[in-house]
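So the structure is just underneath, and the comments pick up after that.
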Amino acid sequence: MTYEVVYLDRDGTINIDRHYLSTPDGFEFCDGALAGMKQLSAMGLDLVVITNQSGIARGYFGQKELDAIHDVMREKLKAEGVSLAGIYACPHGPDDTCACRKPLPGMIHQAEKDLGRRPGLMIGDAVRDVQAGQAAGLHTIGLFSPERATELDEPATYLATNLIDAAQWIATKNEG
Ligand SMILES: [Mg+2]
Ligand SMILES: [Zn+2]
């Protein structure tokens with residue numbers, strides 16, 4: 001298997017989870033996230049962000065604030081030579097019965113429609129990230145402990161400690 005696309009959760013995976021981050025100044029990369037994304041990008045993989053942002057449905061912030069955060073994220077990544085192939089955000093809440101909120105695979109399906117379906121992986125720090133990837137038929141990397149992984153019906157392809165670990169694992173698969 002040679003991976004070509006990495007779908008990444010945002011909060012708790014790329015940036016430190018501030019629980020409904022609503023301003024760009026609270027955006028801070030998780031340990032290893034920038035280095036891991038740099039490595040993935042250098043390996044030629046497309047990086048696509050897949051994020052639940054129910055803070056919009058809950059009225060904590062609006063699309064404008066979310067866009068401002070994503071502009072800053074893109075700038076910080078660009079400064080390190082990393083560009084994103086796309087950002088998909090679900091603005092709905094748990095009771096909105098939308099098709100995009102993870103663990104549903106709607107945002108991944110939309111990304112595949114926009115960017116083409118290629119072999120990929122979904123990476124995230126929550127069980128529902130792995131579930132969304134599995135529902136889309138992707139391989140998955142969970143950034144969580146084996147204890148939390150027991151909540152999954154189907155095991156994640158790999159459990160990593162951070163995005164550097166994840167990128168190194170992907171590198172060995174893509175070389176092999
Ligand atoms: Mg997360
Ligand atoms: Zn949604």
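The values are calculated or read from the model by the stated rules, or taken from the named source; none is laboratory data. Quick caveat: nothing in here was measured; it's all calculated off a predicted structure. Virtual Cβ from ideal backbone geometry, glycine too; neighbours counted across all protein chains shown.
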Q. So which residues in segment 1-25 are more than 16 Å from ligand 1 (Cβ to nearest atom), out of contact with any helix residue (DSSP H, G or I) (no Cβ under 8 Å at 6 or more places or on another chain) and in contact (Cβ under 8 Å) with a residue 40 or more places away in the chain, if there are any at all?
A. Glu4
Q | Any chance Ser145 is of a type outside the set (A, V, I, L, M, F, W, C), more than 12 Å from the chain's Cα centre (by Cα) and within 16 Å of ligand 1 (Cβ to nearest atom) | A | yes
Q: Can you tell me which residue within segment 142-176, out of those that are of a type outside the set (A, V, I, L, M), touching a helix residue (DSSP H, G or I) at 6+ places or on another chain (Cβ under 8 Å) and in contact (Cβ under 8 Å) with a residue 40 or more places away in the chain, is farthest from Gly12 (Cα to Cα)?
A: Gln168
Q. What about Arg74, is it of a type outside the set (A, V, I, L, M), at negative phi and within 15 Å of ligand 2 (Cβ to nearest atom)?
A. no
Q.
I'm checking my understanding of the structure. Among residues of segment 1-22 that are touching an Asp or Glu at 6+ places or on another chain (Cβ under 7 Å) and not in a strand (DSSP E or B), which one is farthest from Pro119 (Cα to Cα)?
A. Ser22
**Q.** Unique residue being basic (Lys, Arg) and either surrounded by 13 or more Cβ atoms within 10 Å (Cβ to Cβ) or in a helix (DSSP H, G or I) (or both) when the list is Arg74, Arg118
**A.** Arg74
Q) Is it true that Pro94 is under 15 Å from the mean Cα position of the chain (by Cα), within 16 Å of ligand 2 (Cβ to nearest atom) and either under 16 Å from Ile141 (Cβ atoms) or at pLDDT 95 or above (or both)? A) no
Q. Here are some residues: Ala99, Ala35, Ala111, Ala68. Which one is at pLDDT 95 or above, more than 16 Å from ligand 1 (Cβ to nearest atom), at negative phi and in a loop (DSSP other than H, G, I, E, B)?
A. Ala99
Q | Every pair of residues 6+ apart whose Cβ atoms lie under 6 Å, when the first sits in segment 86-106 and is closer than 19 Å to Val6 by Cβ while the second is β-branched (Val, Ile, Thr) and modelled with pLDDT of 95 or more | A | Gly86/Val48; Ile87/Val49; Tyr88/Ile50; Ala89/Thr51
Q) Which of the residues that make up segment 121-150 are touching a strand residue (DSSP E or B) at 6+ places or on another chain (Cβ under 9 Å) and in a helix (DSSP H, G or I)? A) Val127, Arg128, Asp129, Val130, Gln131, Ala132, Gly133, Gln134, Pro146, Arg148, Ala149
Q: Could you pull out the residue among Asp129, Asp125 that is out of contact with any helix residue (DSSP H, G or I) (no Cβ under 9 Å at 6 or more places or on another chain) and either within 16 Å of ligand 2 (Cβ to nearest atom) or without any contact (Cβ under 8 Å) to a residue 24 or more places away in the chain (or both)?
A: Asp129
Q: Please enumerate the residues belonging to segment 23-67 that are acidic (Asp, Glu) and either farther than 26 Å from Glu112 by Cα or surrounded by fewer than 18 Cβ atoms within 10 Å (Cβ to Cβ) (or both).
A: Asp25, Glu28, Asp31, Glu65, Asp67
